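Structure, as structure tokens:
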Amino acid sequence: MSARAALAAVRAAGERARYNFAYLDERTKRMIRRAILKAVAIPGYQVPFAAREMPLPWGWGTGGMQVTAAVIGPQDVLKVIDQGADDTVNAVNIRRFFERTAGIATTERTAHATVIQTRHRIPETPLAEGQIVVFQVPVPEPMQRLEPRESETRRMHALADYGLMHVKLYEDIARYGRIVTAYDYPVIVNGRYLMAPSPIPKFDNPKLHMSPALMLFGAGREKRIYAVPPYTRVESLGFEDHPFEVQRWQAACALCGSRESFLDEVVTDDRGGRLYVCSDTDWCAARRARADAR
Amino acid sequence: MSEAPILRAAGLAKRFGARLALAEVSLELWEGEVLAVVGESGSGKSTLLACLAGRMAPDAGTVEFRTRHEGWRDVHAMSEAARRLLERTDWGFVHQRPEDGLRMTVSAGANIGERLMALGARRYGWIRAQAAHWLAQVEMDAARLDESPLAFSGGMRQRLQIARNLVTRPRLVFMDEPTSGLDVSVQARLVDLLRGLVRRLSLAAIVVTHDLGVARLLAHRMMVLKDGRVVETGLTDQVLDDPHHPYTQQLVASALAP
Amino acid sequence: MYVAVKGGERAIENSLALLAERRRGDPAVPELSVAQVREQLRLAVDRVMAEGSLYDPDLAALALKQARGDTLEAIFLVRAFRTTLPRLGYSLPLETARMRLARRISAAFKDLPGGQLLGPTFDYSQRLLDFALEAPEAPPPAPEAPAVAEAAPSVLELLAAEGLVEAEAEPPGAGEPPDLTREPLLFPAPRAARLQNLARADEGFLLALGYSTQRGYAHTHPFAGELRYGTVDVELVPEELGFPVVVGEVELTECQMINQFAGSGTRPPQFTRGYGLAFGHGERKAMAMALVDRALRAPELGEPVSAPAQMEEFVLAHSDALEAAGFVQHLKLPHYVDFQAELDLVRRLRAQAGEPPA
């Protein structure tokens, strides 16, 4: 054993002695679970909760991590993605955190995971009953940029007074001829609450509608939890004559040839060369593996 | 004017600390009727307007509005949701400063269309056509539909605020000194416009003003407030031509003085 | 083929190793001990305790060492540790009137019961670099002050007894103070919640806001009624005993501002208060906090809310250094999915406007 490995072992033993399973103490987890239950009972409603300080900075997924810590058990299999990818530093860091503090199994395969914590994407592989998707939410209030006073937006939610949100969409069309919101595109959940789906591209919005999986949203810095229970209606805002639309690409994925996934643009040189690849690394890898097998 | 009152208030009182802002004010307003509330600043007229419009709870007294479907309803006893619904359907509120009643960062069209969208309108083309129609009703060029109110003069902003209120065809409009921030020539045109709209749409309105000229041009009836109490009330021409209370006489005399 | 830059385990591990190396610096220079930080960089330790909301000088010193002297990073470490601790109970309210004073000044009275006590302060130190400190130092012992026999009641209580300053009473219907480390902050917030928020707020933010009130943005006509720093006993009532026992002591800085108040319809003219409290020796923090506390009381006192320091949601939602630092720096995280969506949109809009495609 190298000196560094020995040191790491000593540290790990020390940590396990001082920290609870999945980092948070059980009382805190109970508090978070109560908030989650309330959120599930009132789909789309932002439940205030006493977000704890986490060992990650506010704004870096503390809300999602607390929700994951509260719902995860020793039998769970965790997948963590950022921008659709399992191997970005941020995703790796959060996955390592749960490996280290909960000692649970992790996977990159969407279909194998029981809990998927995500930042900015919903996996391309269709979700199944029994899966939980945990979204990291930077700004839970969809009207915050239009009305920064929280006391006022809470009242607007209470009264389902959402004219303001449509004013924004109207203004987009009047100015640009189309709705220009491309991500964090507002939705109405179960015909009642206006909800920010977190900064997923609007391409992913249809995956929220009637999903068999439970969708949980955690905003740590803003101290809110909300939820879309399985098989719940989720409608993206729009006008009858300017309906909600998702992005389409001319190109296919340069690696797997997919034409139905969300593509990242990659700049390949300084002469304007670029190509497109799947943002969902697991989806892309699985397609390539199947192609190789054939 | 119809045969039925649309708004009635009884025994309104309001106190701010030691100061009595409103005492024993009662009134009835009829459908299609315009009532001017006049008095000097500090007379309680803005407090009265706020109490009538449900924006401030009186210490005593009641305010009732005859709704379309549920008959008389106590404005201060109804739920906030019900009152907000009234505020964006059957009522209008024109602020003295148009900036207080407009969204200054979105276009004129979005300002007018907001109430419609809040009520569930979801056809962009129709909302836009309605906005253009009401812009024309307040005698503004439809070409300015996509412009921000920031580009408008004070008089145009006030017209836009009025159009924003009228788009749901309210039955009752509250106006708080609607012309007082404007130049004299602009004032005259706006009063003219308001008079036409009120008649054409048979709106009931309560207009708070310190300007007896505005009251004479717009109002069927007027009410004179002093120190929170009603000192005189009657048909506008009667009150102005033959004021009984010394305070009204003084107001009329000072308004007539060059 | 080029594939998008992805991080991964090894990059993180290497980064941590580099960080550890930088932390140690030149190995030829003796390593700093936690005790040295605790004893010799005490004011940094105090700030970490105050904003970390954990009174533990050893942990704060350890955090400062681990954070390479970055105060915010050290506060972060302390908070992340604090959050895992169970709350075993609540102490009785601290009796700051019974503080064992190290320093106590009033700018409102020349003399007062208990006297003025200058204590250790930079205020009259002239701020000349002391090159003698370049060599190891052994300062001569400070002259021993005679023990203060006289009690030193708060100046404000003396004035309150005459009705000149508002009584320090709980507002009607205040109920139990909330615990912001256990409950979310909701608006409008009671003063107890506001004070908790300000007590752990970023010193720089409070300083700037407090300063703004002195420059006309919600002027509150403040006097430093009293500023005291010293040691206070912490008392707890164990359930099985039923009477208070002293479980320890903490060093505190307390500031009570006296502010003019013209009176309103419901209240006669009298002086009002702003309150500031910080762990350790933190006068700048306590004074700025007191200014902001008073400014935030505008609605309660019937004053118009027009300046940033008076806006409860603005102040309380932006006061926490960790929330601010985290969210500002989260922009370092990848945003390429969102950026991709925007890029696509701007291309379409440009095409629509007749620009050649990029």
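Coordinate-derived values only; no laboratory data. Computed from a predicted model, the values in this text were never measured in an experiment. Glycine also receives a Cβ, built like all others from the backbone with ideal geometry; neighbour counts cover every protein chain displayed.
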Please find, in a Gaussian network model of chain B (springs between Cα atoms separated by less than 10 Å), the residue of B:Ser79, B:Ser148, B:Ser202 whose mean-square fluctuation is greatest.
B:Ser79
Indicate, rounded to the nearest 5 percent, the antiparallel portion of the DSSP beta bridges found entirely in the protein assembly as shown.
70
Given a 10 angstrom Cα cut-off, can you work out which residue in A:Val277, A:Val246, A:Val189 is the most mobile in a GNM of chain A?
A:Val246
Which cross-chain or sequence-distant (5 or more) residues have an amide H under 5 Å from the amide H of C:Arg103, H modelled 1.01 Å from N in plane?
C:Tyr229
Charge dipole of the protein assembly as shown built from unit charges on the beta carbon (Lys, Arg +1; Asp, Glu -1), centred at mean Cα; most positive-end Cα among C:Pro139, A:Val234, C:Thr71 is A:Val234
Where the centre of each part is set by its Cα atoms, how far does the range C:317-342 sit from the range A:212-251, in angstrom?
21
May I ask which residue of C:Leu198, C:Pro238, C:Ser212 lies farthest towards the positive end of the charge dipole of chain C, with charges of +1 (Lys, Arg) and -1 (Asp, Glu) on Cβ and the Cα centre as origin?
C:Ser212
Range in chain B, longest, excluding exposed GluC sites (Glu not before Pro) [loop by DSSP; at most 10 other beta-carbon atoms within 10 Å]
B:71-258
Rounded, prolate or oblate, given the Cα gyration tensor of the range C:213-358, with a/c below 1.5 counting as rounded?
oblate
Could you give me the ³J(HN,Hα) list for the range B:41-48, computed from phi with Karplus coefficients 6.51, -1.76, 1.60 and θ = phi - 60°, whole Hz, x at Gly and Pro?
5, x, 7, x, 5, 6, 4, 4
Lys and Arg at +1, Asp and Glu at -1: add these up for the other residues within a Cβ distance under 10 Å of C:Ser106 and post the number.
+1
At 222 nm, what helix-only mean residue ellipticity would the protein assembly as shown give, in deg cm²/dmol to the nearest 500, using -39500 (n - 2.57) for each DSSP H run of four or more?
-10500 deg cm²/dmol
Modelled label-to-label distance, C:Val237 and A:Leu159, 7 Å Cα→beta-carbon offset: nm?
4.5
When chain B is treated as a GNM, springs tying every alpha-carbon pair under 10 Å, which of B:Ala60, B:Ala205, B:Ala132 comes out with the largest mean-square fluctuation?
B:Ala60
Over every pair of different alpha-carbon atoms in the range C:9-82, take the mean of 1/r and invert it; report that Kirkwood radius in Å.
12.7
Enumerate by residue number the chymotrypsin sites (Phe, Trp or Tyr not before Pro) in the range A:106-188 meeting two conditions: DSSP loop (anything except H, G, I, E, B), and at most 16 other Cβ atoms within 10 Å of the site's Cβ.
none
When the range B:103-169 is reduced to its Cα atoms, the Kirkwood hydrodynamic radius in Å
11.4
Could you size up the charge dipole of chain B around its Cα centre, putting +1 on the beta carbon of Lys and Arg and -1 on that of Asp and Glu, and report it in debye to the nearest 20?
840
Pairwise label distance in nanometres, C:Glu13 with C:Ser125, each label 7 Å out on the Cα-Cβ vector:
4.6
How far apart, in nm, are two points set 7 Å out from the Cα along the Cα-to-Cβ line at B:Glu139 and at A:Arg96?
7.2
To test your reading of the geometry: what angle, between 0 and 90 degrees and rounded to tens, separates the Cα axis of helix B:246-256 from the longest principal axis of chain B?
50
Span from the the range C:282-302 Cα centroid across to the the range A:92-119 one, whole angstrom:
45
The rounded separation in angstrom of the Cα centers of the range B:219-258 and the range B:98-147 is 38
Once phi for every residue in the range B:137-154 is put through the Karplus expression 6.51 cos²θ - 1.76 cosθ + 1.60 (θ = phi - 60°), the whole-Hz ³J(HN,Hα) values, with Gly and Pro written as x, are 4, 9, 6, 10, 6, 4, 5, 8, 4, 9, 8, 7, x, 4, 8, 9, 6, x
Point-charge dipole on Cβ atoms (K/R +1, D/E -1) for the range C:9-82, about Cα centre, debye to 20:
60
Chain C: longest segment with zero exposed trypsin sites (Lys or Arg not before Pro), where exposed means DSSP loop plus at most 10 other C-beta atoms within 10 Å, is residues C:216-358
Dividing the alpha-carbon radius of gyration of the protein assembly as shown by 2.2 N^0.38 Å (N being the number of residues), what value is obtained?
1.12
